[in-house]
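Report on the structure given below.
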Amino acid sequence: MSTVHDFPEKSGSASNRTARVLADRAAGEAYVASVCFKHGPPRLTGVELEFTVHHAGDPARSLDPDVLAAALGPHTPRTLRPDSPATPLPAGSPVSLEPGGQVEISALPQASLRELDAAVTADLHHLRDRLAAHGLVLGETGIDAHRAPRRLLHTPRYAAMERRFAAIGPGGPTMMCSTAGLQVCLDAGEPEHYAARWAAAHAMGPPLLALFANSRVHAGRDTGHASARWLAVHDTEAPRSRTARVAGDPAAEWAGRLMDVPLMVLPRGDRPWDAPEGLTFADWIDGRGAAALLPKPTEADLDYHLTTMFTPVRPQGYLEIRYLDAQPPDEWLAPVALVSALLGRPSTVDKVRELCAPVADRWTTAARRGLADPELAAVAAALAEVGCAELGVTGLAAESITGISESVLGRADRSRSEA
């Protein structure tokens, strides 16, 4: 649900995309392929950090939107206060809110992890100070450990989503209002390497999900699952949350998939944004069914449709790796560094794919059992060793590399022993 930020810009200005009508399915697929996979040497790393927010003295108390707005001050997103200036944090990170009041900072991408660490540390420090002055604190896990889902933001998009997901089951409302993730954003890579990076980013998902899973307790109840957050996402709506195929050309397959995914919401001004049941984007382009009464879609409409995908890895012109639980505010760097190192060089990417092949499709096991599963624990430990040996490519200082290695390897070793 996060917004797109400042990796290389999509082709064309926003006004051009708004006006440019998509003539047919082929035009839609060509547009998706062109904007979702930007090729070039991997240079930039970004991170999007989501956190639940709690009243410090009573974390189970319902979050007060007025207190949250007062705490965020000029950084308050317009989804909560339409008249807010919505200024970025001091180091440039925009602030956004998820439907349940989870706060998200989207750090501007940097050329090295050292620079990213400095920017995020400054912005997190500023954010936490503002929250603390109003009796609020950031959560430390990937799901609200204290409260049941409750929507705080009253926007047409979120109202339509809530109605749509309520008919499917509890996963959607939980995802919207109770979960928090850590999203690593990396350049897609050169034409000859991006398919392998795409495949590796998926293959290492289950062991890394298991390695950093921390969302077992939700709303005061032990769910029995290592990552209740990921299970909520997975149970939301299969066409927009399931894993992508990784065997063929990523751009072509993603473009075809987007055409066949039903619309989640349909922006319509002051009218309800509920999309006609079962209407795919391809249907809209071709004017089939309920689409016969709608104006032809534009590239901007397709851009919006892209934001309704909740896949483990989402291409945004860069790779947005979305499967990790949120970590405590002071511990976000270790998983980001590990992911960056594992995708840092073509030879490491090949090693990751080989190492993770036996568990590459075990998403549900990873979310339910985590590192209690012996095979996942073994692969996660081996992956941690490979990644920590590659941390030198990240640009981090030696002392940071040492601390991250000790943290990651210690986590893997303890879990493997317990398994």
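The values are calculated or read from the model by the stated rules, or taken from the named source; none is laboratory data. Predicted model, so just to flag it, every value in this text is computed and none were measured. All Cβ positions, even for glycine, are placed from backbone atoms using ideal geometry, and neighbour counts span all protein chains on display. Surface areas here come from the heavy atoms of the whole protein model, side chains and all, with no ligands, DNA or RNA. Shrake-Rupley method; radii C 1.70, N 1.55, O 1.52, S 1.80 Å.
Of all residues in region 234-261, those satisfying the criterion of being open to solvent by 10 Å² or more (accessible area, probe 1.4 Å) and in contact with a Gly (Cβ under 9 Å, 6 or more places away or on another chain) are 234, 235, 237, 243. Scanning region 22-73 for residues that are surrounded by 18 or more Cβ atoms within 10 Å (Cβ to Cβ), under 24 Å from residue 141 (Cα atoms) and of a type in the set (D, E, K, R) yields a total of 2.
Considering only residues that are in a loop (DSSP other than H, G, I, E, B), modelled with pLDDT of 90 or more and aliphatic (A, V, I, L, M), look in region 372-419 and name the one that is surrounded by the fewest Cβ atoms within 10 Å (Cβ to Cβ). Step by step, filter region 372-419, then rank; the result is 397. Filtering 347, 340 for residues that are modelled with pLDDT of 95 or more, in a helix (DSSP H, G or I), of a type outside the set (Asp, Glu) and loosely packed, with under 15 Cβ neighbours inside 10 Å leaves a single hit, 347. Scanning region 220-262 for residues that are within 23 Å of residue 178 (Cα to Cα) and either more than 19 Å from the chain's Cα centre (by Cα) or aromatic (Phe, Trp, Tyr) (or both) yields a total of 7.
Picking from residues in region 155-211 that are under 18 Å from the mean Cα position of the chain (by Cα) and assigned to a loop (DSSP other than H, G, I, E, B), the one that is modelled with the lowest pLDDT is 188. Against the definition (farther than 25 Å from residue 36 by Cα and open to solvent by less than 10 Å² (accessible area, probe 1.4 Å)), how does residue 210 come out, yes or no? Considered against the rule, which asks whether it is farther than 25 Å from residue 36 by Cα and open to solvent by less than 10 Å² (accessible area, probe 1.4 Å), residue 210 comes out as yes. A count restricted to region 266-297 and to residues that are outside any loop (DSSP other than H, G, I, E, B), touching a residue at least 60 places away in the same chain (Cβ under 8 Å) and open to solvent by less than 10 Å² (accessible area, probe 1.4 Å) stands at 3. Is it fair to say residue 303 is in a helix (DSSP H, G or I), within 29 Å of residue 191 (Cβ to Cβ), of a type in the set (Asp, Glu) and in contact (Cβ under 8 Å) with a residue 12 or more places away in the chain? Here the answer is yes, as residue 303 does meet what is asked. Residue 365 satisfies every condition listed in (1) open to solvent by 60 Å² or more (accessible area, probe 1.4 Å); (2) assigned to a helix (DSSP H, G or I) except (1).
The set of residues in region 318-337 being over 19 Å from residue 196 (Cα atoms), assigned to a strand (DSSP E or B) and not charged (D, E, K, R) consists of 324 alone. Within region 152-175, being open to solvent by less than 40 Å² (accessible area, probe 1.4 Å), within 21 Å of residue 77 (Cβ to Cβ) and of a type outside the set (Lys, Arg) holds for 152, 153, 155, 158, 159, 160, 161, 173, 175.
Screening residue 111 on (1) in contact (Cβ under 8 Å) with a residue 60 or more places away in the chain; (2) open to solvent by less than 50 Å² (accessible area, probe 1.4 Å) shows it passes everything except condition (2).
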